[in-house]
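*Asks:* Please read through the structure below; I'll follow up with questions.
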Amino acid sequence: MSDFFKPVSGMELPRFAGMPSFMRLPNMDFDHARIADVDIGLIGVPWDSGTTNRPGPRHGPRQLRDASTMIRAQNGATGVRPFDMVNCADLGDVGPNPADILDSMERITAFYDQLKPHGVTPLTAGGDHLTSLPVLRSLAKDAPVGMVHFDSHTDLYHSYFGGTMYTHGTPFRRAVEEGLLDPKRVVQIGIRGSTYDNEDTDFAESVGIRVIRIEEFFARGVADVMAEAREIVGASATYVSYDIDFVDPTFAPGTGTPEVGGPNSFQALEVVRELDGLNIIGADLVEVSPPFDASGNTAFLGVSIMFELLCVMAGNLTK
């Protein structure tokens with residue numbers, strides 16, 4: 001692979017120096033002369049207008065970029081060296097309209113529409129979880145896709161506050177309704193916490209979405225649950241959406257809607273490694289909220305998860 005697409009090594013330039021980019025990769029826009037050479041583009045969506053309680057994920061991509069200077073070239077567990085396998089670049093941020101949800105979603109979809117002509121697979125840093133909907137509107141424009149979804153919430157509610165259809169609690173209800181997701185190829189893992197009612201899980205059951213609650217996750221173990229997840233989505237196009245609140249707030253406190261009783265940071269990485277071999281057409285890591293992340297540990301876990309996603313995506317592209 002071209003040295004142009006290799007991250008800057010901490011042995012060459014200290015990690016605290018230089019302009020921040022995701023994993024110290026080259027930063028480019030769609031007018032760059034080498035955009036056609038990019039295989040995986042890392043993209044920030046600094047937007048949280050879908051948040052209904054504690055805002056802050058609009059600042060997530062900036063903190064995630066800074067934390068990502070700690071990522072090195074090789075996966076210590078799997079031995080995968082993604083930057084030797086595929087060309088990766090930081091494609092910058094989508095510029096949202098923080099005063100207009102619908103306009104922001106159009107902007108996000110339009111940005112991702114620019115990836116397809118260049119053959120770029122996106123890895124996204126949010127942003128709240130509504131971010132996934134406009135991304136899917138681009139990636140699943142031609143046909144519905146499957147999804148592996150790590151979260152403590154289903155995000156399948158119909159609406160909030162008497163009719164607001166677009167919040168971080170509704171993206172995948174909209175995605176099913178719009179024909180972006182094939183519900184029989186969707187699995188949601190880690191669901192837990194108190195609820196208002198059963199509306200979301202009743203909808204999941206009615207359309208065939210598989211919901212694996214945290215109690216089942218712990219009873220069966222990572223390997224068994226993820227084997228079922230791989231079987232559900234199969235070999236066809238699959239999107240991966242990872243909400244950082246999937247992880248127990250002991251390990252990831254910097255998020256807007258934490259739920260206790262979740263996986264630890266090792267399990268947070270382990271579930272991604274079990275995605276190896278899937279046909280991943282895009283992935284996101286959302287809901288990192290710097291105002292609640294005083295230690296920075298949530299952001300570091302977030303970019304570590306992104307690196308694991310990058311490793312399995314690189315493997316997919318080279319098979």
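The values are calculated or read from the model by the stated rules, or taken from the named source; none is laboratory data. Quick caveat: nothing in here was measured; it's all calculated off a predicted structure. In this analysis, Cβ positions are derived from the backbone assuming ideal geometry, glycine residues included, and neighbour counts consider all displayed protein chains. Areas reflect the complete protein model, heavy atoms only, side chains present, ligands, DNA and RNA absent. Shrake-Rupley method; radii C 1.70, N 1.55, O 1.52, S 1.80 Å.
*Asks:* State which residue pairs qualify: first residue closer than 15 Å to F4 by Cβ and inside segment 37-50, second residue open to solvent by 10 Å² or more (accessible area, probe 1.4 Å) and among the polar types (S, T, N, Q) in any location, beta carbons under 8 Å apart, and separation of 6 or more residues or different chains.
*Replies:* Once the first residue is closer than 15 Å to F4 by Cβ and sits in segment 37-50, its partners that are open to solvent by 10 Å² or more (accessible area, probe 1.4 Å) and among the polar types (S, T, N, Q) give D37/S2; D37/N87; V38/N87; D39/N87; D39/T121; I40/N87; I40/T121; G41/T121.
Yes/no matrix, rows are residues, columns are (1) under 14 Å from the mean Cα position of the chain (by Cα); (2) basic (K, R); (3) open to solvent by 30 Å² or more (accessible area, probe 1.4 Å):
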residue	(1), (2), (3)
P98	no, no, yes
S104	no, no, no
D113	no, no, yes
P117	no, no, yes
T124	yes, no, no
V135	yes, no, no
V145	no, no, no
H153	no, no, yes
G169	no, no, no
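*Asks:* So, one more: Could you tell me whether segment 180-199 includes any residue that is open to solvent by 70 Å² or more (accessible area, probe 1.4 Å), within 27 Å of L139 (Cβ to Cβ) and more than 20 Å from the chain's Cα centre (by Cα)?
*Replies:* Yes.
*Asks:* Tell me which residues, restricted to segment 229-238, are touching a residue at least 40 places away in the same chain (Cβ under 8 Å), farther than 14 Å from G190 by Cα and in a helix (DSSP H, G or I).
*Replies:* R230, I232, V233
*Asks:* Another question about this same structure. Could you list, in sequence order, all residues of segment 293-319 that are under 16 Å from T238 (Cα atoms) and touching a strand residue (DSSP E or B) at 6+ places or on another chain (Cβ under 8 Å)?
*Replies:* Answer for segment 293-319, where residues must be under 16 Å from T238 (Cα atoms) and touching a strand residue (DSSP E or B) at 6+ places or on another chain (Cβ under 8 Å): L309, L310, V312, M313, A314, N316, L317.
*Asks:* Which residues, taken from segment 239-280, are under 13 Å from the mean Cα position of the chain (by Cα) and either of a type outside the set (A, V, I, L, M) or part of a loop (DSSP other than H, G, I, E, B) (or both)?
*Replies:* Y239, S241, Y242, D243, D245, F246
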